[in-house]
1. Among the residues of the stretch 13-40, what is the count of those that are of a type in the set (D, E, K, R), more than 14 Å from residue 80 (Cβ to Cβ) and touching a residue at least 24 places away in the same chain (Cβ under 8 Å)?
2. Where the second residue is in a helix (DSSP H, G or I) and modelled with pLDDT of 85 or more and the first is basic (Lys, Arg) and lies in the stretch 78-94, which pairs have Cβ atoms under 7 Å and are six or more apart or on separate chains?
3. So residue 73 ticks every box in (1) over 21 Å from residue 15 (Cα atoms); (2) in contact with a Pro (Cβ under 8 Å, 6 or more places away or on another chain) but one. Which box is left unticked?
4. When the residues of the stretch 23-44 are filtered to those that are among the polar types (S, T, N, Q) and part of a helix (DSSP H, G or I), which remaining residue is farthest from residue 68 (Cα to Cα)?
5. Please find, within the stretch 45-69, the residue that is nearest to residue 4 (Cα to Cα) out of those that are outside any helix (DSSP H, G or I) and among the hydroxyl-bearing types (Ser, Thr, Tyr).
6. Within the stretch 62-91, which residues are under 18 Å from residue 19 (Cβ atoms) and among the polar types (S, T, N, Q)?
7. Within the group 36, 47, 20, which residue is out of contact with any Leu (no Cβ under 8 Å at 6 or more places or on another chain) and either of a type in the set (Asp, Glu) or surrounded by 17 or more Cβ atoms within 10 Å (Cβ to Cβ) (or both)?
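The values are calculated or read from the model by the stated rules, or taken from the named source; none is laboratory data. Note that the structure is predicted; figures quoted are calculated from it, not measured. As a convention, Cβ positions derive from the backbone with ideal geometry for all residues, glycine included, and neighbour counts pool all protein chains shown.
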Amino acid sequence: MKEIQKQLTDKFLSSKLCKYPVSLFNGKMGLSIYFYQLSKIESNPVYQTIAEQLLDEIMLRDLSSNHPIDVENGLAGIGLGVTLKRIFFIFLKI
């Protein structure tokens with residue numbers, strides 16, 4: 001399992017993260033949650049920095065009212081992702 005996690009993480013880090021869409025299921029929001037969780041599991045602040053950069057990119061550059069509103073690819077997914085981050089990483093301190 002650890003090897004699969006490492007391969008997946010290496011694949012993401014070697015790709016251009018800025019090229020992903022903003023979506024929760026297939027894009028930057030999902031990757032941001034992944035890297036936040038990984039930073040807690042691995043106790044590695046580098047992953048948290050990556051997660052924060054992805055979230056900043058979404059909120060400051062990519063987000064617009066032209067996005068669909070669905071959870072998978074749209075604004076509802078971004079909102080859900082931000083809420084999950086707050087619940088898991090602030091209130092539960094995971």
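1. Result for the stretch 13-40: 1.
2. 85/33; 85/36
3. Residue 73 satisfies every listed condition except (1).
4. 39
5. 64
6. Within the stretch 62-91, 64, 73 qualify.
7. Just a single option satisfies the conditions, and that option is 36.
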